[in-house]
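Participant: Before I ask anything, here is the structure I am working with.
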Amino acid sequence: MSRGKVLVVGGGIAGLSTAWALARRGFAVELFEQGALPYARASSYDEHRIIRHAYGDMEGYAYLMPSAFRVWEALWAAIGATHYDAMPVIYLMRGESEWYETTRRSMGRMGVACEDIPIEAAMALYPMVNPDGVTRVVRTEGAGILYPIRILTDLVKLIAGLGVVLHPDTRVEAVDLEAGLVRTGGGVVGGDAVVVTAGAWVNRLVPSTIGEAVPSRQAVMFLAPPPRFAAAWQAAPVLIDLGAESGTYTLPPRAATRLKIGDHQFTRRGDPDEDRVGTDADVARLTEAARRAWQDFDEYTVLERKACFYTVTADERFLVRREGARGWLGSACSGHGFKLGPLIGDGIAGAIAGERTEAAVSVWAAGR
Ligand SMILES: Cc1cc2nc3c(=O)[nH]c(=O)nc-3n(C[C@H](O)[C@H](O)[C@H](O)COP(=O)(O)OP(=O)(O)OC[C@H]3O[C@@H](n4cnc5c(N)ncnc54)[C@H](O)[C@@H]3O)c2cc1C
């Protein structure tokens, strides 16, 4: 028997996960997505995303990771497939940073391995890394690669099978979060609650987020390595370069994915409806950082320069809160929203079901 009807706006990892969690709890759910399901312009749509316990000074999120992994396990069981490869994350530090001490502390408390490895041994294992200026190499476990395109596709099929009514190619023009209404080109739909998980488009539907959740155009590059590094990349774990001037993350070419490099410097500019082909300006800073992180970067073939978007808050924390009498906002802010998407979606559904208070879920989702 239905516990009420909830309308979910947005079919990225946050919206699909919230819909799944609501359907599991017996709610009738309708989900609206402006593009296809899944949609290639969503932040969530990519070949890979990193999942890890290591969180630096955002320690509250580190302590959420065991629960996050449990929800992923539940998803694998529900879809009958595992779209995840466990592997270490290797941090190449170029200079000291507070990240090291706080990460070691939280990893130690959770009993997740986090250990220094000798620089020379690391350079022998990872000959494609630029050794210049490396001061410390740290290997962490409790991590790996999630495969988002496969995850989103299976989540869509899963929730459709649970009776969630899907509205692909249906842009929501406006929401009334007091009355619980969603307006599309086809008319107005009402529900007991409306959850807005609209990613980088959130400002258009929820004006209170303007200036708080800022869309940020980010660049990534997919590459083919020169033949002499191909085998090393194929066997590589996730590599994260931590330096004042570098700051890149690299995903190895596993499971039919391509080698990818990105950085973590927010542009805080752009419109998510813009063209998504990375321009020279988009990739200029990333290219410089990649040259510092890898050996002979200019010998790599750039297969794709991609521009993508997420929202950024000042402190990089999720925004989960009530908006109006019947509305909920779920906004993953900055580059760590995929790994936590199913857990946060479960938290939003739990709050709607009355299992926890709004205040409790907001603080929890902010990793505090
Ligand atoms: C380059 C890059 C690297 C990243 N790396 C990582 C990582 O390694 N690990 C990690 O955990 N996270 C990472 N992230 C962050 C993560 O991908 C995002 O935080 C997460 O996917 C956001 O999910 P979402 O569902 O909130 O937003 P989205 O995936 O953008 O979904 C929002 C959906 O809402 C739809 N929508 C918007 N407005 C409307 C409307 N009016 N009507 C109907 N539909 C609408 C959109 O079309 C979209 O499909 C990365 C992000 C990027 C861009």
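Participant: Step by step: first the residues of the stretch 40-53, then only those that are more than 11 Å from His336 (Cβ to Cβ) and of a type outside the set (Ser, Thr, Tyr), then the one that is farthest from the ligand (Cβ to nearest atom). Which residue is that?
Facilitator: His53
Participant: Under 6 Å between Cβ atoms, at least 6 apart or on separate chains: pull out the pairs that start in the stretch 21-41 with a residue that is without any contact (Cβ under 8 Å) to a residue 60 or more places away in the chain and end on any residue that is surrounded by fewer than 20 Cβ atoms within 10 Å (Cβ to Cβ) and not β-branched (Val, Ile, Thr).
Facilitator: Filtered contacts from the stretch 21-41: Gly26/Arg3.
Participant: Among the numbered conditions (1) over 17 Å from the mean Cα position of the chain (by Cα); (2) at pLDDT 95 or above; (3) not small (Gly, Ala, Ser), tell me where Arg3 comes up short.
Facilitator: (2) is the only condition that Arg3 fails.
Participant: Any idea which of Glu323, Glu299, Glu316 is modelled with pLDDT of 95 or more and touching a strand residue (DSSP E or B) at 6+ places or on another chain (Cβ under 8 Å)?
Facilitator: The conditions single out Glu323.
Matching residues to (1) under 30 Å from Gly247 (Cβ atoms); (2) of a type in the set (D, E, K, R); (3) at pLDDT 95 or above:
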site	(1), (2), (3)
Glu120	yes, yes, yes
Ala124	yes, no, yes
Asn130	yes, no, yes
Thr153	no, no, yes
Leu162	no, no, yes
His167	no, no, yes
Leu181	no, no, yes
Gly190	no, no, yes
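Participant: Tell me which strands (runs of 3 or more DSSP E) are completely within the stretch 1-85 and hold 3 or more residues being among the β-branched types (Val, Ile, Thr) and surrounded by 22 or more Cβ atoms within 10 Å (Cβ to Cβ), or say none if there are none.
Facilitator: Where strands (runs of 3 or more DSSP E) fall fully within the stretch 1-85 and carry at least 3 residues being among the β-branched types (Val, Ile, Thr) and surrounded by 22 or more Cβ atoms within 10 Å (Cβ to Cβ), they are 5-9.
Participant: Among the candidates Arg94, Arg109, which residue alone is surrounded by fewer than 19 Cβ atoms within 10 Å (Cβ to Cβ) and more than 9 Å from the ligand (Cβ to nearest atom)?
Facilitator: Working: Arg94 fails: surrounded by fewer than 19 Cβ atoms within 10 Å (Cβ to Cβ).
From the options Arg94, Arg109, the qualifying one is Arg109.
Participant: Here is a follow-up. Name the residue, out of Arg268, Arg276, Arg305, Arg258, that is in the same structural domain as His83 (by TED's automatic domain parsing), more than 21 Å from Ala54 (Cβ to Cβ) and touching a helix residue (DSSP H, G or I) at 6+ places or on another chain (Cβ under 9 Å).
Facilitator: Going through Arg268, Arg276, Arg305, Arg258 in turn, just one is in the same structural domain as His83 (by TED's automatic domain parsing), more than 21 Å from Ala54 (Cβ to Cβ) and touching a helix residue (DSSP H, G or I) at 6+ places or on another chain (Cβ under 9 Å): Arg305.
Participant: Let me ask another. Consider Phe69 against the criteria (1) more than 17 Å from Leu340 (Cβ to Cβ); (2) in the same structural domain as Leu239 (by TED's automatic domain parsing): it satisfies all of them except one. Which criterion is unmet?
Facilitator: Here Phe69 meets the rest and fails (1).
Participant: Additional query: Being under 21 Å from Met128 (Cβ atoms), acidic (Asp, Glu) and surrounded by 15 or more Cβ atoms within 10 Å (Cβ to Cβ) is true for just one of Asp241, Asp176. Which residue is that?
Facilitator: Asp241
Participant: Being under 21 Å from His53 (Cα atoms), more than 8 Å from the ligand (Cβ to nearest atom) and either among the aliphatic types (A, V, I, L, M) or free of Cβ contacts under 8 Å to residues at least 40 places away in the same chain (or both) narrows it down to one of Leu329, Leu286, Leu319, so name that one.
Facilitator: Of Leu329, Leu286, Leu319, the one residue that is under 21 Å from His53 (Cα atoms), more than 8 Å from the ligand (Cβ to nearest atom) and either among the aliphatic types (A, V, I, L, M) or free of Cβ contacts under 8 Å to residues at least 40 places away in the same chain (or both) is Leu319.
Participant: Here's another thing I want to ask about it. Filtering the stretch 11-39 down to residues that are more than 7 Å from the ligand (Cβ to nearest atom) and among the hydroxyl-bearing types (Ser, Thr, Tyr), which residue is farthest from Gly341 (Cα to Cα)?
Facilitator: Here is the first cut: in the stretch 11-39, the residues more than 7 Å from the ligand (Cβ to nearest atom) are 16-31, 36-38.
Then drop every residue that is not among the hydroxyl-bearing types (Ser, Thr, Tyr), which leaves 17-18.
Details: Ser17: 7, Thr18: 8 Å.
Ranking the candidates gives Thr18 first.
Participant: For the stretch 359-368: of the residues being in a loop (DSSP other than H, G, I, E, B) and among the small types (Gly, Ala, Ser), which is farthest from Arg326 (Cα to Cα)?
Facilitator: Gly367
Participant: For the stretch 347-364, what are the residues that are within 14 Å of the ligand (Cβ to nearest atom) and either of a type outside the set (A, V, I, L, M, F, W, C) or outside the structural domain of Leu181 (by TED's automatic domain parsing) (or both)?
Facilitator: Correct list: Gly347 only.
Participant: When you check Thr257 against the structure, is it among the polar types (S, T, N, Q) and either closer than 13 Å to Ile145 by Cα or buried (at least 16 other Cβ atoms within 10 Å of the Cβ) (or both), yes or no?
Facilitator: Yes; evaluated as a whole, the condition is true for this residue.
Participant: Same structure, new question: Somewhere in the stretch 197-212, is a residue in a strand (DSSP E or B), within 12 Å of the ligand (Cβ to nearest atom) and at negative phi? It would help to see each step written out before you state the result.
Facilitator: Applying the first criterion (in a strand (DSSP E or B)) to the stretch 197-212 yields none.
No: zero hits.
Participant: For the stretch 77-100: of the residues being small (Gly, Ala, Ser) and either closer than 21 Å to Leu125 by Cβ or at pLDDT below 95 (or both), which is farthest from the chain's Cα centre (by Cα)?
Facilitator: Gly95
Participant: Among the residues of the stretch 337-358, is any at pLDDT below 95, on the phi > 0 side of the Ramachandran plot, surrounded by fewer than 23 Cβ atoms within 10 Å (Cβ to Cβ) and in a loop (DSSP other than H, G, I, E, B)?
Facilitator: Within the stretch 337-358 (the criterion being at pLDDT below 95, on the phi > 0 side of the Ramachandran plot, surrounded by fewer than 23 Cβ atoms within 10 Å (Cβ to Cβ) and in a loop (DSSP other than H, G, I, E, B)), the answer is no, since none of the residues qualifies.
The values are calculated or read from the model by the stated rules, or taken from the named source; none is laboratory data. Keep in mind it's a predicted model, so treat the numbers as computed, not measured. Cβ atoms come from the backbone with ideal geometry, glycine included; neighbour counts cover every protein chain shown.
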